[in-house]
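Student: Shown below is the structure under consideration.
The values are calculated or read from the model by the stated rules, or taken from the named source; none is laboratory data. Keep in mind the model is a prediction, meaning the values are calculated, not measured. Glycine gets a Cβ as well: all are built from the backbone with ideal geometry, and neighbour counts include every protein chain shown. Quick note on the areas: whole protein, heavy atoms, side chains included, nothing else; ligands and nucleic acids left out. Shrake-Rupley method; radii C 1.70, N 1.55, O 1.52, S 1.80 Å.
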Amino acid sequence: MKAKIKEIEEKFHSEIKNISLPEHLEEIRVKYLGRKGILTSLLKQVSILSNDEKPVFGKLLNNLKTNMSTRISEEIASIKSVKRTEVKLDISLPGIKPLIGFKHPLTLITQEIKEIFFGLGFETVTGPEIETEYYNFEALNTPEDHPARDEHDSFYITSKDLLRTHTSPVQIRVMEKQKPPLRVIAHGRCFRRDATDATHSPIFHQVEGLAVDTNITFGDLKGVLEVFAKQLFGRQTKIRFRPDFFPFTEPSAEYAFSCVNCKGKGCRICKNTGWLEIGGAGMVDPEVFKMVHYDTEKYSGFAFGMGIERIAMIKYHIHDIRMFFENDLRFLRQF
Ligand code: FA5
């Protein structure tokens, strides 16, 4: 009997050693300790032993039963804890993505615009968003009583300082500091008391371009804007100039690109004209050169301005300017 008990004990331990699933442990429990289990049957046989043997084998078998139960419980606990650790380290689970920032569409388009002008030899300059009347208007040949001021309904900070209504004052600031030749672009925020609608906002952005040298012609202006149009919207893009008026350029023009949607045939986006108006441009007025003490006989130059939101709306097919400023992540995450 002793040998049999020893044999059962060894078999139990060797079987339990290789088990990794709790359901297999349950099978072992039933096999040894269940109602018809090996150990249970042996315990039943104790009653037929002699009175001397009964307590000896009864004790041996009961000890073995307790050891087996303890071992099974320990194995279950150990399997569960291994499982828990595995879950903690399960690198196959999808991680929690950290929220990283992304660029605003207006930043993206500004970068693209800048890259194109860098390629054409322009460098970036900046100017203040709070301007004096002098830089915003007077130095740009727009005296106090000039009707062109009416189009720039402004936000005044003091009686002489205002939020700039366009990026053109940067032209003056650059020319005051630098002598020709110069080729610069200035981009940034502008402010006008315009009522908000799908294409107007009281805060918007412009890019300004200025080139001054000897022998700069209107042809240079056309060439630069044409290259810009083709690089930004594709080689098939055409450019159109029509006479316009700005106090600081003479002659002045408004320029448009052929519609990127219908390629000039006419559609809803271009209001069936085939053209998308982009901005204003012209040859720098000699009166402006006089303000910065440039020799008007020696130098000529061109300047242009464009609304960044307008370009972004065309490029990204956005139909309402307000989308840029509402901070709606469902919109912003698409870029
Ligand atoms: C000007 O601001 C001139 N400074 C442009 C210029 C520069 C002409 C150099 C000649 C030489 P204009 O007012 O047309 O021009 O504005 C230019 C562009 O700014 C417009 O075509 C439009 O795209 C954008 N813009 C103007 N006002 C708003 C507004 N309230 N909301 C959104 N975009 C605007």
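Student: Hey, among the residues in the stretch 142-153 that are within 11 Å of the ligand (Cβ to nearest atom) and outside any helix (DSSP H, G or I), which one's most open to solvent (accessible area, probe 1.4 Å)? Before the answer, list the steps.
Tutor: Of the stretch 142-153, the ones within 11 Å of the ligand (Cβ to nearest atom) are 142, 148, 151-153.
This time we only want the ones that are outside any helix (DSSP H, G or I), so: 142, 152-153.
Working: T142: 7, H152: 30, D153: 68 Å².
Looking at residues that are within 11 Å of the ligand (Cβ to nearest atom) and outside any helix (DSSP H, G or I), I get D153.
Student: In addition: Cβ-Cβ under 6 Å, sequence separation 6+ or interchain: first residue in the stretch 240-267 and touching a residue at least 24 places away in the same chain (Cβ under 8 Å) and open to solvent by 20 Å² or more (accessible area, probe 1.4 Å), partner of a type in the set (S, T, Y) and near the ligand (Cβ under 9 Å from one of its atoms). Which pairs?
Tutor: Close Cβ pairs satisfying both conditions: D244/S252; F245/S252; F246/S252.
Student: If you don't mind, there's one more thing I want to ask. Any idea how many residues of the stretch 266-319 are closer than 30 Å to P143 by Cβ, of a type in the set (V, I, T) and part of a loop (DSSP other than H, G, I, E, B)?
Tutor: So the count comes out to 2.
Student: Please return the ranges of helices (runs of 4 or more DSSP H) entirely within the stretch 1-48 where 1 or more residues are surrounded by 11 or more Cβ atoms within 10 Å (Cβ to Cβ), in the same structural domain as S81 (by TED's automatic domain parsing) and aromatic (F, W, Y). Give the derivation first.
Tutor: Numbers: elements: 2-17, 22-33, 38-45.
Hits in the stretch 1-48: 2-17, 22-33.
Yes/no matrix, rows are residues, columns are (1) outside any helix (DSSP H, G or I); (2) within 12 Å of the ligand (Cβ to nearest atom); (3) over 35 Å from the mean Cα position of the chain (by Cα); (4) among the aromatic types (F, W, Y):
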{"site": "T107", "(1), (2), (3), (4)": "no, no, no, no"}
{"site": "F117", "(1), (2), (3), (4)": "no, no, no, yes"}
{"site": "T124", "(1), (2), (3), (4)": "yes, no, no, no"}
{"site": "A139", "(1), (2), (3), (4)": "no, no, yes, no"}
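Student: Filter the stretch 219-250 for residues that are in a helix (DSSP H, G or I) and either farther than 23 Å from N261 by Cα or of a type outside the set (A, V, I, L, M) (or both) and give the result.
Tutor: G219, D220, L221, K222, G223, E226, F228, K230, Q231, F233
Student: From M306, M291, M313, which residue is within 25 Å of T110 (Cα to Cα) and open to solvent by 10 Å² or more (accessible area, probe 1.4 Å)?
Tutor: Result: M313 is the single residue among M306, M291, M313 that is within 25 Å of T110 (Cα to Cα) and open to solvent by 10 Å² or more (accessible area, probe 1.4 Å).
Student: Now, a different point. Restrict the check to the stretch 236-253 and report whether at least one residue is under 13 Å from I311 (Cα atoms), in the same structural domain as H152 (by TED's automatic domain parsing), of a type in the set (S, T, N, Q) and touching a helix residue (DSSP H, G or I) at 6+ places or on another chain (Cβ under 9 Å). First the steps, then the outcome.
Tutor: Of the residues in the stretch 236-253, the ones under 13 Å from I311 (Cα atoms) are none.
No, that holds for no residue.
Student: I'm trying to understand the selection: among the residues of the stretch 149-175, which are among the hydrophobic types (A, V, I, L, M, F, W, C) and closer than 23 Å to A211 by Cβ? Explain how you work it out, then say what you get.
Tutor: If we filter the stretch 149-175 for residues that are among the hydrophobic types (A, V, I, L, M, F, W, C), which is where we start, we get 155, 157, 162-163, 170, 172, 174-175.
Once the filter is applied, which keeps residues that are among the hydrophobic types (A, V, I, L, M, F, W, C) and closer than 23 Å to A211 by Cβ, the stretch 149-175 yields V170, I172, V174, M175.
Student: Please verify whether the stretch 216-231 includes one or more residues that are touching a helix residue (DSSP H, G or I) at 6+ places or on another chain (Cβ under 6 Å), surrounded by fewer than 20 Cβ atoms within 10 Å (Cβ to Cβ) and touching a residue at least 24 places away in the same chain (Cβ under 8 Å).
Tutor: Within the stretch 216-231 (the criterion being touching a helix residue (DSSP H, G or I) at 6+ places or on another chain (Cβ under 6 Å), surrounded by fewer than 20 Cβ atoms within 10 Å (Cβ to Cβ) and touching a residue at least 24 places away in the same chain (Cβ under 8 Å)), the answer is yes, since at least one residue qualifies.
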